Amino acid sequence: PLPPLAEQQKIAEILDAADSLRQKDQQLIDHYTTLSQSMFLEMFGDPVTNQHGFEKGTIRELLSTAKYGTSAKADDSGKYPYLRMNNITYEGEMDFFSLKYINIDENDKEKYLVKKGDVLFNRTNSKELVGKTGLYNEDEAMIIAGYLIRLRVSEQANPYYLWGYLNSKHGKLTLAHMCKSIVGMANINAQELQNIKILLPPILLQEHFAKKNQAIEAQKKQAKASLEKSNDLFNSLLQRAFNGELNS
């Protein structure tokens, strides 16, 4: 349909307003991501200068276990959701939009099962994406693929602190400098990961950081729900516009 110019302009104004709404929702989500990173630096300081005088150690000292996932083939159906490297975003979030599934021997389940509070590290990917790190906060039982390492912290650490460090600017820079490239893919193995030097702040401070992050996540979840609605609204208006239905 080709409505009169005045009507076209009115349609454009409606679509612009809807697009502005979804852009604001996305900006709010980006703000919460930046806020979490800023809060890490504010609470723990620069790992290089260590202005708070925290004890120094390695990631190994924060862990109870570090386990690789299974190399079993993924499928479109199966008993357990199968977490792969695409299920972790560069910003450190878990993305369950595109899940595969797997059947696994019950005797092997505990080797590859993820639990709430596990930190998941993407050990093999392109050089730009290797080292993506997510924090699993779901109650559902899922299995991890071999390109991931499951990091389970000890009682002396909070998983949010380890996750926060590996997603910080210093953490990402450290990972970028240490990864090895082989035929277009980069890799950081479990031993290399555990040898990374890290500050060891008091557990109470780590737990305080975790609580603040959980509050940010709650706000971010609301912003994502709002973005989904504003995207649906924009797409609906766009469809109506091209069908000649957006004339009032």
**Item:** Rg and Dmax of region 143-215, Cα atoms only, in Å
**Value:** 14.0, 44
**Asked** Where q = 0.12, 0.15 Å⁻¹, what log10 of I(q)/I(0) comes from the Debye formula for the chain, counting one point per Cα?
**Response** -0.78, -1.05
**Item:** Net dipole in debye of the chain [+1 Lys, Arg Cβ; -1 Asp, Glu Cβ; about Cα centre; nearest 20]
**Value:** 680 debye
**Request:** May I ask which residue of TYR147, SER98, VAL48 lies farthest towards the positive end of the charge dipole of region 17-149, with charges of +1 (Lys, Arg) and -1 (Asp, Glu) on Cβ and the Cα centre as origin?
**Result:** TYR147
**Request:** Using the Kyte-Doolittle scale, find the helices of the chain whose mean hydropathy is at least -0.5 and whose Cα atoms extend 20 Å or more along the helix's long axis, counting only whole DSSP H runs.
**Result:** 5-44
**Prompt:** Any idea how far the Cα center of region 194-224 sits from the one of region 69-101, in Å?
**Reply:** 24 Å
**Request:** Could you give the spread of the C-alpha atoms of region 14-157 along their three principal axes, from largest to smallest, in whole angstroms?
**Result:** 54, 49, 30
**Request:** Among ILE188, TYR160, SER38, flag the residue with its Cα farthest along the positive direction of the charge dipole of the chain, charges on Cβ as +1 for Lys/Arg and -1 for Asp/Glu.
**Result:** ILE188
**Prompt:** Taking LYS220 as the anchor, which lysines have their alpha carbon closer than 27 Å to its alpha carbon, excluding any fewer than eight residues away along the same chain?
**Reply:** LYS24, LYS100, LYS115, LYS116, LYS132, LYS169, LYS172, LYS211, LYS212, LYS229
**Prompt:** Residues of the chain: accessible area per residue at 1.4 Å, in Å²?
**Reply:** 56 Å²
**Asked** Ranked by accessible surface with a 1.4 Å probe, highest first, in what order do MET185, MET142 come?
**Response** MET185, MET142
**Prompt:** Most mobile of SER168, SER98, SER38 per a Gaussian network model of the chain (Cα springs, under 10 Å)?
**Reply:** SER98
**Request:** Taking the Cα centre of region 1-122 as origin, sum charge times position over the Cβ atoms of Lys and Arg (+1) and Asp and Glu (-1), and report the length of that vector in debye to the nearest 20.
**Result:** 480 debye
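The values are calculated or read from the model by the stated rules, or taken from the named source; none is laboratory data. Small disclaimer: the values here were computed from a predicted structure and weren't measured. Glycine also receives a Cβ, built like all others from the backbone with ideal geometry; neighbour counts cover every protein chain displayed. Only protein heavy atoms, including side chains, enter the accessible area calculation; ligands, DNA and RNA are left aside. Shrake-Rupley method; radii C 1.70, N 1.55, O 1.52, S 1.80 Å.
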